[in-house]
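The values are calculated or read from the model by the stated rules, or taken from the named source; none is laboratory data. Note that the structure is a prediction, hence the values are computed from the model and not measured. Virtual Cβ from ideal backbone geometry, glycine too; neighbours counted across all protein chains shown. Note: accessible area is taken over every heavy atom of the protein model, side chains too, but ligands, DNA and RNA are not part of it. Shrake-Rupley method; radii C 1.70, N 1.55, O 1.52, S 1.80 Å.
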Amino acid sequence: MLTEEQCECLRLKIQSYRDCNKLPSEEELMALLDRTVSTLENESQDYREKAFDGSAGGLLDFSSASLPVIIVPDLHGRPDFMIQLLQCTFEGESLLSALAHEKLYVVCVGDGVHTESPIESRDRWIRSYREWTENGNINSEPMQQEMKDCFSTMMAVMELKNAFPEHFHFLKGNHENILNKEGGGDHPFRKYALEGSMVKEFVDTLYGDAVLHLINCFETNLPIVALFHDFGISHAEPFRPYERDEIVNYHNNDDLILDFTWTANDQAEEDSCARQFCILSGKEDDGMSIWFGGHRPVNGSYNLRQNGRYVQIHNPMEMNVAIVASAENFNPEHDIISVI
């Protein structure tokens, strides 16, 4: 358990990533990535069962836990989101202090990189793309700023994972694909430009293969589903339900990875969330369980799908989180709040 002084040092370190006027060094990135990969590979089997091959399993199982959960939607290169979150008050103390005292869990639904605000980010990506395609310059000023935002966001995630391995978690989203590969449940990403290709080339050009490899190792070791007493969490709306062993051993199941990270609105099978919870929990459907995710943007604070059993909470223009003690008592009007 961290002391107050250690918590303040951690907070200042995370803030320094945002405030630094230069990109992190190769040595700094490699050290933090290496430490985080080790943390992910060695999580307690009390809540993260190993896959058959001994690798980190895809399921976080906190179904017997009773602590409240803070669910954080897609971060997309927003270091301010992380800083505001840590300072947000929870039962009379900062969320960072509550984490240190093991009073709650934090689960981020994934998508840490590629900023996506429709005005600032779009303009920056277009300027970066033009520099790249017209002048052959991947290391342009707008691209540097984009990558600084993404690195500082994900370095904050990694610091928190290392500091609170059982209580802070980050799930794999569809943007956790540093190699921009097609296959294995992943697709190359593009929105305002060729974001996936540009980020891969930037990292390869400025840092080299070793950093690319470690980022890929970090992504490969991320869990893909989190289970609690009466609710579940994944990046995207589950396309269809899977057996527990399939989720634990998700690494070689391309369809499963795709179905928990890329599902579009109106694409999932009927009642997939309720059926998935029943399979994982071993309980009959009582009509109360719910599932949370991000991935597709919403207007306002949330969107309800599957007759209210699936709650989407990703609004790229806001910094909202869901505070969930139980599905039975969850009210999206009151329990989805801004951290600003």
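Assorted remarks:
- Pairs from Lys161/Lys200; Lys13/Lys161; Lys13/Lys103; Lys22/Lys191; Lys13/Lys172 whose Cα-Cα separation, in the structure shown, is over 19 Å: Lys161/Lys200; Lys13/Lys103; Lys22/Lys191; Lys13/Lys172
- When the Gaussian network model of the chain links Cα atoms closer than 10 Å, the mean-square fluctuations of Glu284, Glu237, Glu134 top out at Glu134.
- The range 115-268: relative contact order as a whole-number percent, Cα under 8 Å and 6+ apart: 21 percent
- Among (i) 23, 37, 21, 12, 5, 2, 0; (ii) 33, 61, 7, 0; (iii) 29, 62, 9, 0, the entry derived from the coordinates for P(r) over Cα pairs in 20 Å bins from 0, in percent: (ii)
- Between Glu28, Glu159, Glu146, the Gaussian network model of the chain with springs among Cα atoms under 10 angstrom shows the greatest mean-square fluctuation at Glu28.
- Carbon/sulfur fraction of accessible area - the range 219-314, other protein chains in place, 1.4 Å, %: 41 percent
- Candidates Ser152, Ser301, Ser117: whichever shows maximal mean-square fluctuation once the chain is modelled as a Gaussian network with Cα springs under 10 Å: Ser117
- Think of each Lys and Arg Cβ as +1 and each Asp and Glu Cβ as -1; about the Cα centre, that makes the dipole of the range 91-221 roughly 200 debye.
- Per residue accessible area in Å² of the range 299-340, where ligands, DNA and RNA are left out and the probe is 1.4 Å: 49 Å²
- Segment Asp286-Gln267, extension gain: residue separation times 0.36 nm, minus the distance between their alpha carbons: 4.4 nm
- Percent RCO, i.e. relative contact order, over the chain, from Cα pairs under 8 Å lying at least 6 residues apart: 21 percent
- Once you reduce the range 177-245 and the range 38-98 to the center of their Cα atoms, the two points are 17 Å from each other.
- Cα shape, the range 246-323, gyration tensor, a/c 1.5 rule: oblate
- Gained length - Glu141 relative to Ser44, 0.36 nm times residue gap less alpha-carbon distance: 30.7 nm
- Cβ-Cβ FRET estimate between Lys22 and His213, R0 fixed at 30 Å, reported to 0.05: 0.85
- Range in the chain, longest, excluding exposed trypsin sites (Lys or Arg not before Pro) [loop by DSSP; at most 16 other beta-carbon atoms within 10 Å]: 192-282
- For the range 198-246, GluC sites (Glu not before Pro) meeting the loop criterion (DSSP other than H, G, I, E, B) and having at most 12 other Cβ atoms within 10 Å: Glu243.
- Each label point was placed 7 Å from the Cα along the Cα-to-Cβ direction; for Cys278 and Glu333 their separation is 3.0 nm.
- Shape of the range 203-337, Cα gyration tensor, a/c cut at 1.5: oblate
- Less than 5 angstrom separates the built amide H of Asn315 from those of Val298, Asn320, all sequence-distant by 5 or more or on a different chain.
- Computed from the C-beta positions of Phe90 and Thr205 and an R0 of 35 Å, the FRET efficiency is 0.25 to the nearest 0.05.
- Relative contact order (percent, whole number), the range 228-297, Cα cutoff 8 Å, 6+ residue spacing: 49 percent
- For the range 150-200: rounded, prolate or oblate by the Cα gyration tensor [a/c cutoff 1.5]: prolate
- Karplus 3J(HN,Hα) series, Hz, for the range 132-138 with 6.51 cos²θ - 1.76 cosθ + 1.60 (x for Gly, Pro): 6, 7, 8, 10, x, 10, 7
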